[in-house]
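So the structure is just underneath, and the comments pick up after that.
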Amino acid sequence: MDIEELIENFSFFENWEEKYQYVIDLGNKLEPLDEAYKTEEWKVKGCQSQVWLVPHFAGGRIHFAGDSDAILVKGIIAIILLIYNDKTPEEIKSIDVMKIFAKLGLEENLTPSRRNGMLSMVAKIKEYADIK
Amino acid sequence: MYDVYKIRKDFPIFDVRINGKPVAYLDTTASAQKPQAVFDAMRRVYYEFYANPHRGTYYFADAITTAYEQARETVRQFINAREVREIVFTRNATESINLVASTWGLQNVRAGDEILISEAEHHANLVPWQHLCEISGAKLAVFPVADNGDYIEEEFLARLNEKTKLVAVSAMSNVLGTMFPIKKITAAAHGVGAKVLVDACQFAVHYPLDVQDIDCDFAAFSGHKIYGPTGIGVLYGKAEVLEKMPPYQFGGDMIDNVTFAKTTYADIPARFEAGTPASVQAVGMAEGIKYIERIGFADIVRHEEELIRYTNERLAEVPKLKIIGTAEKKGGVFSFAVGKIHPQDLAFVLNKENVAIRIGHHCAQPIVNRMGYNSLARASLGLYTTKEDIDALTAALLKAEKFFREE
């Protein structure tokens with residue numbers, strides 16, 4: 001699935017319950033993160049739940065794996081990784097994630113006051129893009 | 001007759017509708033909402049006689065000084081202190097405790113001494129003592145509570161000895177709701193020559209605090225939790241203890257005489273109130289106290305105890321919900337977990353349903369960890385809380401439990 005399909009899928013939901021049930025489903029299908037990575041080293045700071053993010057660099061592209069112990073956050077991680085995964089650092093830097101989340105109707109998850117750490121996660125992804 | 005619906009009309013914030021629906025405010029433990037009378041009193045100061053207290057020789061300055069000192073007297077009566085000079089105004093309870101740590105503490109606590117606290121203390125009544133121990137070489141001793149949050153006298157007494165210089169304990173835990181028997185604790189501490197500081201932040205909201213009856217040496221609480229404004233707190237200290245303490249901060253208002261060679265300091269409480277004070281906030285806090293007194297603690301306690309019973313009954317309907325802190329003597333604080341659902345997930349659904357609760361470690365990480373959690377959800381009651389608020393909480397929790405139930 002690409003992001004355009006995702007935006008289309010989200011356009012059918014009529015209330016927050018349907019929308020976030022789908023977010024949970026996306027989280028359930030997230031590629032599992034090896035337990036060995038669930039350490040302080042890979043933790044994203046500034047989250048009320050635990051969030052881990054691990055980059056793999058190959059062929060000039062970055063593949064991320066992530067997880068969280070909060071169900072909704074895990075779903076949001078799945079969406080963020082769908083947006084950023086297997087892109088070049090230049091592509092990563094050019095993505096307007098706020099705009100995509102607005103189209104999905106999920107922008108509340110990226111406001112600084114929500115403190116669910118998703119902004120910190122996006123910042124971390126860009127940081128990895130910068131060092132490559 | 002206690003009419004909670006009439007009382008709620010005194011609180012403008014309860015008129016707010018989010019997405020057309022009222023909000024069930026269940027976070028009074030973090031901060032209380034404020035009645036109109038508090039806003040009116042503060043506005044009256046700004047509109048009619050605002051100036052800097054203690055300094056002027058004109059009408060406004062006299063009026064604000066009188067109002068500020070009357071606020072001090074209102075606080076004295078509220079906690080039944082012997083003298084008005086035993087009331088020190090601070091920014092909040094955290095500052096009150098830090099004041100004691102960095103004045104009385106540095107003066108009296110030495111290497112080899114001990115400071116004794118409970119394991120259920122808020123960080124504000126833990127970290128200042130930990131820091132004092134680090135710089136003085138004293139030891140921080142901690143007495144555990146039971147798994148249900150109950151106070152265990154033997155555990156406390158086992159750690160109290162002639163090395164104990166201070167016992168710092170909460171009158172009511174902000175996580176477990178446990179009410180510690182502070183009068184008995186104080187008597188035992190005095191028996192070994194230790195001083196006692198009571199963190200009264202939660203207790204003072206729900207029950208009458210009598211510092212003479214408790215006989216504690218210090219007590220601390222915040223204005224914003226007793227239905228007053230932010231930016232103002234209280235440190236109570238026995239006059240004979242305060243009198244021997246050095247100043248906390250230095251500057252205006254706390255001096256007696258200043259020359260380049262030497263400065264002498266003002267008497268208590270001015271010695272501890274350097275700089276322009278939060279006079280308007282003090283007036284606001286006094287008005288919050290008067291509001292509580294107009295309703296009366298007898299009726300507030302009766303109302304809240306009925307709500308505690310009702311909340312326990314309703315929360316029992318939520319599958320897999322476990323209340324953390326079920327001490328025999330507890331106030332209206334309900335920390336809980338629902339199965340393995342992350343509190344952040346719970347809070348998301350509750351927010352969608354306009355139910356305001358707190359999640360996290362509640363500034364008391366050690367006790368949350370001790371109970372086996374990193375994070376807990378917490379609902380708490382105030383004098384304006386209704387059964388409908390608890391119904392909204394229960395309905396939202398049932399919805400969340402279903403929403404996150406693993407198939």
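Structure summary
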read-out	value
Among residues of the stretch A:45-89, those that are assigned to a loop (DSSP other than H, G, I, E, B) and within 14 Å of another protein chain (Cβ to nearest Cβ), counted	7
In the stretch B:53-68, the residues that are surrounded by fewer than 16 Cβ atoms within 10 Å (Cβ to Cβ) and within 29 Å of the chain's Cα centre (by Cα)	B:66
Residue in the stretch B:334-350 that is of a type in the set (Ser, Thr, Tyr) and either modelled with pLDDT under 95 or over 22 Å from the mean Cα position of the chain (by Cα) (or both) present	no
Index of the failed condition, residue B:237 passing every other in (1) at pLDDT 95 or above; (2) under 25 Å from residue B:208 (Cβ atoms); (3) more than 20 Å from the chain's Cα centre (by Cα)	(3)
Counted residues, the stretch B:182-199 - those being under 21 Å from residue B:210 (Cβ atoms), of a type outside the set (D, E, K, R) and surrounded by fewer than 16 Cβ atoms within 10 Å (Cβ to Cβ)	3
Tally, over the stretch B:309-322, of residues that are surrounded by fewer than 19 Cβ atoms within 10 Å (Cβ to Cβ) and among the hydrophobic types (A, V, I, L, M, F, W, C)	1
Filtered residues of the stretch B:323-346 (kept if surrounded by 22 or more Cβ atoms within 10 Å (Cβ to Cβ) and more than 14 Å from chain A (Cβ to nearest Cβ))	B:324, B:325, B:331, B:332, B:333, B:334, B:335
Test for residue B:51: is it small (Gly, Ala, Ser), free of Cβ contacts under 8 Å to residues at least 24 places away in the same chain, assigned to a helix (DSSP H, G or I) and farther than 28 Å from residue B:295 by Cβ	no
The listed residue being in contact with a helix residue (DSSP H, G or I) (Cβ under 6 Å, 6 or more places away or on another chain), of a type in the set (D, E, K, R) and either assigned to a helix (DSSP H, G or I) or over 30 Å from residue B:256 (Cα atoms) (or both), out of B:314, B:302	B:314
Tally, over the stretch B:54-64, of residues that are in a helix (DSSP H, G or I) and in contact (Cβ under 8 Å) with a residue 60 or more places away in the chain	1
Pairs, first within 11 Å of chain A (Cβ to nearest Cβ) and over 27 Å from residue B:147 (Cβ atoms) in the stretch B:347-371, second modelled with pLDDT under 95 and buried (at least 19 other Cβ atoms within 10 Å of the Cβ), C-beta under 7 Å, six or more apart	B:348/A:72; B:349/B:403
Hits in the stretch B:74-91 - residues which are assigned to a helix (DSSP H, G or I) and in contact with a strand residue (DSSP E or B) (Cβ under 8 Å, 6 or more places away or on another chain)	B:75, B:76, B:79, B:86
Flag if residue A:57 is touching a Leu at 6+ places or on another chain (Cβ under 6 Å) and either touching a residue at least 12 places away in the same chain (Cβ under 8 Å) or not hydrophobic (A, V, I, L, M, F, W, C) (or both)	no
Candidate set: the stretch A:49-105, residues that are touching a strand residue (DSSP E or B) at 6+ places or on another chain (Cβ under 6 Å) and among the acidic types (Asp, Glu); chosen: the one surrounded by the fewest Cβ atoms within 10 Å (Cβ to Cβ)	A:86
Listing of helices (runs of 4 or more DSSP H) fully contained in the stretch B:165-273 that carry 1 or more residues being within 29 Å of residue B:149 (Cα to Cα)	B:182-191, B:203-206, B:211-214
In the stretch A:3-38, the residues that are free of Cβ contacts under 8 Å to residues at least 12 places away in the same chain, assigned to a loop (DSSP other than H, G, I, E, B) and more than 13 Å from chain B (Cβ to nearest Cβ)	A:11, A:12, A:14
Every residue from the stretch B:330-364 that is closer than 21 Å to residue B:33 by Cα and in a loop (DSSP other than H, G, I, E, B)	B:331, B:332, B:353, B:354, B:357, B:362, B:363
So residue B:378, is it away from every other protein chain (no Cβ under 14 Å), of a type in the set (Lys, Arg) and not in a loop (DSSP other than H, G, I, E, B)	no
Of all residues making up the stretch B:147-164, the number that are in a helix (DSSP H, G or I) and either surrounded by fewer than 20 Cβ atoms within 10 Å (Cβ to Cβ) or free of Cβ contacts under 8 Å to residues at least 12 places away in the same chain (or both)	6
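Residue-by-condition table, conditions (1) among the hydrophobic types (A, V, I, L, M, F, W, C); (2) not assigned by TED's automatic domain parsing to the domain that holds residue B:335:
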| site | (1), (2) |
| --- | --- |
| B:224 | no, yes |
| B:228 | no, yes |
| B:250 | yes, yes |
| B:262 | no, yes |
| B:277 | no, yes |
| B:280 | yes, yes |
| B:284 | no, yes |
| B:303 | no, no |
| B:314 | no, no |
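Every residue, every condition in (1) at pLDDT below 95; (2) within 18 Å of the chain's Cα centre (by Cα); (3) part of a strand (DSSP E or B); (4) not acidic (Asp, Glu), yes or no:
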site	(1), (2), (3), (4)
B:286	no, yes, no, yes
B:292	no, yes, no, yes
B:310	no, no, no, yes
B:322	no, no, yes, yes
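The values are calculated or read from the model by the stated rules, or taken from the named source; none is laboratory data. This one's a predicted model, so the numbers in the text were calculated from it and none came from an experiment. Because the Cβ atoms are built from the backbone with ideal geometry, glycine has one as well, and the counts that use them run over all protein chains shown.
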